[in-house]
Every structure is written in C-alpha cells, then in structure tokens.
Amino acid sequence: MQRIPYPTLTAAQQEKHARQRINLSRILFLLPEAIHNGMAAASKYVLFESQFDAVLRELIILRVGYLSKCAYEEYQHRGLAKQLGLTDAQIEAALSATPGAPLTERERTLLHFADEVILKVRPSDAALEGARRYLSDVEIFETLYIIGNYMFLARVLETSGIPLDDGLIVSNPDQR
C-alpha cells in the first residue's frame, strides 16, 4: 500500500520521467533537484556505463533487496538479472539465507562480503580479504557504492510503499 503519494511533476520532470517510466523514478522527484540529478547520473552510470561485472552487480543488488526485505528491488533486479543471462537457480541462490550453488566461489565470497557490509557495516578482515582476492580496490569501492545506493533505494521504496511496476528496467538503454 502506498504510504507517501507521488509528487505532481513539472513539465521538465515529466520529460525526465518519460525516459524511465518506473514507479521508483517517479517517487524520487520528491528529492531536491540537485540530489535527484546526481542520483540519476550515478544510477545511469552503475546500470549502463560501468565496467564493473554486470552479473556480479545484479547479484549484489538482489542481495541488498533480500536483506532489506524490499520486494520492489527484488522484482526489478530479477528482471535485469535474467536479461543478463542469470538462471532462476542463480537468482534464488542470491535470495536465500545462505547463498550457495549454483553460484561460483567468487560470487559466494563477494555476496558474503556484501552481507557483512549490509549487516555489520564494517566487514571482517576475512571478508574484506576474500573480496580483495577477486576485486581491485577500485572495484571494492564501486561495490560499496552499489550496496549503499541500493540500501538507500530500498528504504525509499519501503517507506513510500510504492507498488510494483507493470514493466521492468531494461539492461540496454537503447531498448527504451
């Protein structure tokens, strides 16, 4: 049930919203314009321009959605994960209490790192060391950004109570 109503959009906001017609993008117009614009640019980068492993990104986002109990995030990112070729079994593993097969050792290690960042804030030395076996320090920081961004969005979604979309985000912006 929606708890916070969508804002009335200006003509300029309607034009921006038309590019990504999902409920989340509409509710985010409640943010001050400078924050909204910065978040939009960062989200575009993370989803469509980053060199970060897209499959790993989606597994991490699914994990954030699961641990945040955010159905909207899980729904949208199941769709993106499938577009990237993840199987239902891989997606369900990321959404389980303890991620296991068919995820790779790398994926399980990095989801464990994400779990510790999400649940403990400061991951253990072992979790950080495990993540650093697979990711550069730059990629570790991009992972932290992805986690933090999607934790914020999960809280926006759950606080506002916006409904699931009829459509999904697409992995290629040219498909919009």
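Looking at the stretch 21-52 only, could you name the residues that are loosely packed, with under 13 Cβ neighbours inside 10 Å and either under 16 Å from Asp165 (Cβ atoms) or β-branched (Val, Ile, Thr) (or both)? Arg21, Ile35 - these are the residues of the stretch 21-52 that are loosely packed, with under 13 Cβ neighbours inside 10 Å and either under 16 Å from Asp165 (Cβ atoms) or β-branched (Val, Ile, Thr) (or both).
Each row is one residue, and each column tells you yes or no for (1) modelled with pLDDT of 95 or more; (2) hydroxyl-bearing (Ser, Thr, Tyr); (3) more than 22 Å from Glu158 (Cα to Cα); (4) in contact with a Phe, Trp or Tyr (Cβ under 9 Å, 6 or more places away or on another chain).
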| position | (1), (2), (3), (4) |
| --- | --- |
| Gln13 | no, no, yes, yes |
| His17 | no, no, no, yes |
| Asn23 | no, no, no, yes |
| Val55 | yes, no, yes, no |
| Thr87 | yes, yes, yes, no |
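The helices (runs of 4 or more DSSP H) found entirely in the stretch 8-80 that carry 1 or more residues being farther than 23 Å from Glu139 by Cα and in contact (Cβ under 8 Å) with a residue 40 or more places away in the chain are 11-19, 23-27. Annotation: of all residues in the stretch 114-141 being farther than 18 Å from Ala54 by Cβ and among the hydrophobic types (A, V, I, L, M, F, W, C), the one that is nearest to the chain's Cα centre (by Cα) is Ile118. How many residues are more than 16 Å from the chain's Cα centre (by Cα), assigned to a helix (DSSP H, G or I), surrounded by 13 or more Cβ atoms within 10 Å (Cβ to Cβ) and among the aliphatic types (A, V, I, L, M) if we restrict to the stretch 85-113? Of the residues in the stretch 85-113, 1 are more than 16 Å from the chain's Cα centre (by Cα), assigned to a helix (DSSP H, G or I), surrounded by 13 or more Cβ atoms within 10 Å (Cβ to Cβ) and among the aliphatic types (A, V, I, L, M).
The values are calculated or read from the model by the stated rules, or taken from the named source; none is laboratory data. Just so it is clear, the structure is predicted and the values come from calculations on it, not from any experiment. Because the Cβ atoms are built from the backbone with ideal geometry, glycine has one as well, and the counts that use them run over all protein chains shown.
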